[in-house]
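Beneath this line is the structure, given in structure tokens, with notes to follow.
Every read-out reported here was derived from the displayed coordinates using simple, explicitly stated rules and does not represent laboratory data. These numbers were taken from a predicted model, which means no experiment stands behind them.
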Amino acid sequence: MDIIRIIIAILLPPLGVFLQVGFAGAFWLNILLTLLGYIPGIIHAVYIIASRK
């Protein structure tokens, strides 16, 4: 399941984080990072998905 979330996070970083944590602070931070730059949003999303099991 994590592989699917990581693929989603690469395509749409906020969606990948939302599937992992819901409407928590990490979701809003990821939206901000994605708006500032797509690559920081991807890095943050993959980190959140990989670190939370």
Relative to the first principal axis of the alpha-carbon coordinates of the chain, what is the inclination of helix 38-51, with its axis defined by its Cα atoms, in degrees from 0 to 90 and to the nearest 10?
30
Once you keep just the Cα pairs under 8 angstrom separated by 6 or more residues, what percentage relative contact order results for the chain?
40
For the chain, find the longest principal axis of its Cα atoms and tell me its angle to the long axis of helix 25-36, 0 to 90°, nearest 10.
50
Sum of -39500 (n - 2.57) over DSSP H runs of 4+, divided by residues of the chain (222 nm, nearest 500)
-26000 deg cm²/dmol
